[in-house]
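Reviewing the structure listed below.
Each value in this text was obtained by applying a stated rule to the coordinates, not by laboratory testing. Computed from a predicted structure; not experimentally measured. Counting neighbours? That spans all protein chains shown, and the Cβs are built from the backbone with ideal geometry, glycine included.
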Amino acid sequence: MTDQTLIAVKPEIAAGSHADAERRAAMVAEAAKDPEGFWTREMNRLAWMRAPTKIKDTSFEGDVSIKWFEDGVLNLTESCLDRHVEGGRGDAVAIIWEGDDPKSDAHITYRQLLERVCRLANAMKSLGVRRGDRVSIYLPMIVESAVAMLACARIGAVHSVIFGGFSPDSLSSRIQDCESTLLITADEGRRGGRTVPLKANADEALKSCPTIKNVIVAKNTGGGVAMEDGRDHDWATLCDAQSAECAPEPMGAEDPLFILYTSGSTGKPKGVLHTTGGYGVWAAFTHELVFDYRPGEVYWCTADVGWVTGHTYIVYGPLANGATTLMFEGVPNWPDSSRFWNVIDKHKVNIFYTAPTAIRALMREGEAPVKKSSRKSLRILGSVGEPINPEAWLWYYRVVGDERCPIVDTWWQTETGGILISPLPGSVAQKPGSATLPLPGVFPALVDNDGAILEGATEGNLVITDSWPGQMRTVFRDHERFVQTYFSTFPGKYFTGDGARRDEDGYWWITGRVDDVLNVSGHRMGTAEIESALVAHPKVAEAAVVGMPHEIKGQGIYAYVTLKVDEEPTEALRKELVAWVRKEIGPIASPDAIQWAPGLPKTRSGKIMRRILRKIAANETDSLGDTSTLADPTVVQDLIGNRVG
Ligand code: WT7
């Protein structure tokens with residue numbers, strides 16, 4: 001395919017970059033040979049109250065223990081706010097907010113942001129929130145979401161952000177799991193000209209969340225919402241009464257910073273726990289190197305703060321580096337499909353970071369909506385969330401970047417805290433569709449299904465053999481599950497759940513999940529979660545969910561549903577089930593196809609053979625493979641015959 005297409009580093013990008021080829025090679029070598037020395041230097045990207053002397057103490061064996069900068073003391077908000085203000089950059093713009101409505105925007109300076117964070121931090125204290133307490137955040141893409149996260153960090157509370165597109169059920173289960181005592185939300189969100197009833201959803205969720213004592217409600221749309229006396233507080237009223245100063249709580253490097261729930265192949269979403277020092281170093285290090293961020297540049301990541309990309313690359317990374325970070329409330333195709341490019345021109349964006357699904361959707365609209373804009377300010381383009389097909393990569397490169405901007409295809413995960421595999425724009429030649437090479441201090445490997453390390457140009461399961469500072473430390477209150485999920489498949493190694501290929505030049509090509517996790521429009525979902533939502537419907541007996549290739553979303557959701565005896569498989573019921581899943585989980589989990597299945601292909605021990613279901617969903621029925629172990633091979637013929645789509 002395109003393995004041979006090599007797009008050389010541009011001299012004008014290499015010049016003055018944070019890592020030209022020579023510098024990158026030196027970093028890679030040093031991080032491998034002398035990790036203590038390397039990270040002792042890199043940790044100085046953060047402001048420490050007490051500098052660490054213990055750098056790395058990690059083991060992937062046995063109980064698995066990961067500690068970085070263990071005896072260091074810091075408050076990450078000092079790195080993100082105070083030091084910029086104290087260093088004379090208080091009037092520099094920290095956040096450019098661009099509203100859903102193209103006429104609404106705002107510029108927040110570092111000084112203003114610090115003040116707002118301190119006021120909310122004091123407000124939280126006044127409500128009894130203490131260091132170590134969990135605070136759930138359910139907000140749209142408004143400045144308050146960054147303020148809320150940082151205010152938690154300021155007082156040492158652990159934030160758990162829940163994507164505003166999640167349903168009341170998804171919200172309540174995430175609140176219940178971490179037993180948060182405070183919820184921060186807004187009246188409503190706005191997206192593509194429509195409103196999202198956040199407070200109403202929260203009220204519904206809170207019926208089953210006895211740990212929540214207080215709710216802080218930001219006024220966003222001004223839409224009327226119910227306020228419960230003694231529990232609900234108006235953000236502005238509460239914060240106006242507070243002091244604009246709040247001393248940063250001294251935190252140990254290994255004290256928790258946040259929990260973020262993510263889907264796995266089994267069970268309920270896991271509370272991925274990240275701590276303060278290592279995560280902060282990784283966010284600052286990768287944001288500067290991968291995007292080659294230079295002072296004064298405007299940087300825009302289009303993710304939602306409800307996902308890890310928003311945490312690391314809208315909030316913590318850019319702010320630690322004193323960047324101007326753009327936060328966008330809207331969607332790519334509203335009011336029309338020039339929106340991204342208009343925003344880039346409007347705010348003179350230099351670095352733009354988005355997802356392949358958005359690129360593919362916009363690509364379908366042709367070049368005209370792009371070419372109406374100048375995009376002259378752009379210097380670097382980024383991609384994240386799912387494999388980017390070479391066709392979309394080349395369109396992004398040629399049409400959006402006018403062949404002037406390198407593309408950083410960044411591979412990472414909620415669990416990794418930040419980017420692990422990506423080109424550094426000043427030093428690594430690109431191949432369309434390849435995430436290229438690991439960052440300094442990242443040690444990926446390919447293993448076969450028995451765990452044997454594979455050498456040379458080959459394909460296999462992607463593992464990481466040693467720790468990096470940004471790695472998750474545990475699953476909140478379930479360390480056993482952490483060890484089981486990530487370190488038991490290939491003992492002694494961190495298993496990513498992804499498959500990958502390494503080519504003749506040592507370049508890495510991520511091929512996608514090899515477990516039962518779906519990636520739909522860059523959103524991660526467990527098949528088990530969707531299945532349990534389906535079987536919760538009174539008419540459903542059994543369900544099996546697999547991914548299917550989808551032109552825009554990357555993967556679509558294909559559900560096989562067995563109804564209870566006497567239930568009729570009607571079109572009305574199909575629609576009802578789609579609506580049911582949307583209500584149970586959220587719109588992102590809506591099945592794209594539902595096939596009525598009188599029976600599912602199972603082994604004699606009762607295990608569903610998903611491999612076969614995936615093939616049928618993908619319409620690759622001439623390569624079903626071995627079906628001889630099936631308890632009843634005839635179900636397969638029925639499923640093939642009644643394939644949907
Ligand atoms: C999964 C992680 C990375 C933050 C946003 C998603 C897939 C992510 C890439 C990429 C190929 C990618 C992987 C990974 N993925 N980036 N550049 N190329 N695949 O975080 O929700 O934790 O999902 O997204 O399959 O395991 P997440």
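Tabulated results
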read-out	value
Ellipsoid equivalent to the chain - semi-axes via the Cα gyration tensor, in Å	36, 31, 26
Cα point-scatterer Debye curve for the stretch 58-160, base-10 log of I(q)/I(0) at q = 0.14, 0.24 Å⁻¹	-0.67, -1.25
Simple label model, 7 Å out from Cα along Cβ direction - Asp626 to Phe443, nm	3.5 nm
Net charge of Cβ neighbours under 15 Å - reference Lys564; Lys, Arg +1; Asp, Glu -1	-4
Over the stretch 480-542: Rg over Rh, Cα atoms, Kirkwood Rh	1.12
Order of Ile616, Ile212, Ile155 - criterion: other Cβ atoms within 10 Å of each residue's Cβ, fewest first	Ile212, Ile616, Ile155
Violating pairs (Cα-Cα greater than 25 angstrom) within the set Lys67/Lys493; Lys207/Lys583; Lys54/Lys270	Lys54/Lys270
Ellipticity estimate at 222 nm from DSSP helix runs (n ≥ 4, -39,500 (n - 2.57)) divided over the chain, nearest 500	-7500 deg cm²/dmol
Per-bin percent of Cα-Cα distances, the stretch 253-388 [10 Å]	11, 38, 32, 15, 3
Loop GluC sites (Glu not before Pro), the stretch 196-261 (other Cβ atoms within 10 Å of the site Cβ: 12 or fewer; DSSP)	Glu228, Glu245
GluC sites (Glu not before Pro) restricted to the stretch 39-125 and DSSP loop, no more than 13 other C-beta within 10 Å	Glu61
Label point distance in nm, Glu245-Glu365, each placed 7 Å from Cα along Cα→Cβ	4.9 nm
Beta bridges per DSSP with both ends in the stretch 310-462, % antiparallel, nearest 5	45 percent
DSSP-defined beta bridges in the stretch 514-645 - what % are antiparallel, rounded to 5	80 percent
Per-pair calculated FRET efficiency, R0 = 56 Å: Glu576 and Met49 via Cβ, rounded to 0.05	0.50
Unpaired by the 4.7 Å Cβ criterion, cysteines found in the chain	Cys80, Cys152, Cys178, Cys209, Cys239, Cys301, Cys405
Of Lys10/Lys372; Lys199/Lys564; Lys371/Lys553, pairs whose Cα-Cα distance is over 31 Å	Lys199/Lys564
Fraction of antiparallel bridges per DSSP, the chain only, in percent to nearest 5	60 percent
